[in-house]
Amino acid sequence: MTTTVDARRTTPHARPARRVPRSVTVSAWAVPVMVVGQFALISGVPVAIALVGAVRRVREPAARWAAAALALTYVVPLVAWLVRPDGAESLSKDMHPAFAALIVAASAALVVALRRARTRGLS
């Protein structure tokens, strides 16, 4: 009679690798699409999802920093639009193109950091 050893039983303390949540990845891709497509105010929803998901579920520090940078680059033109008494009728029309470029760059940095976290298994 032979016995086999199950590989899963030899390491009882090994935890399964947590994956990068799909909602964070989709949100990171949706932000630049929405900003370039002139839906900057609505893109606050994916920015919030990406920030909360990256901080709570992703262990890669670069992804957390990139999500924070994305949120910061989004909040600056939003606050400027809200406090300005003679602002445009929409955030997309009031936002300087440099801010749109910064938001797209920060979102690209988040996508790269999430990809790196996925390949390294630090999600």
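Based on the Cβ-Cβ distance of VAL55 and ASP86, what FRET efficiency does E = 1/(1 + (r/R0)^6) give at R0 = 30 Å, to the nearest 0.05?
Working: r = 35 Å, r/R0 = 1.18.
It comes out at approximately 0.25.
Distance between the pseudo-spin-label points of LEU72 and ALA98 (7 Å out from Cα toward the beta carbon): 1.7 nm. Residues THR25, THR119, sorted by accessible area with the largest first, give THR119, THR25 [1.4 Å probe; ligands and nucleic acids excluded].
Label zone (TRP65, point 7 Å along Cα-to-C-beta; backbone nitrogen cut-off 19 Å) within segment 93-123: 102-123. Computed with a 1.4 Å probe on the full set of protein chains, the accessible area for SER43 sits at about 0 Å².
The values are calculated or read from the model by the stated rules, or taken from the named source; none is laboratory data. Please read these numbers as outputs of a predicted model, since none were measured by experiment. Glycine gets a Cβ as well: all are built from the backbone with ideal geometry, and neighbour counts include every protein chain shown. Ligands, DNA and RNA are excluded from the accessible area calculation, which covers all protein heavy atoms including side chains. Shrake-Rupley method; radii C 1.70, N 1.55, O 1.52, S 1.80 Å.
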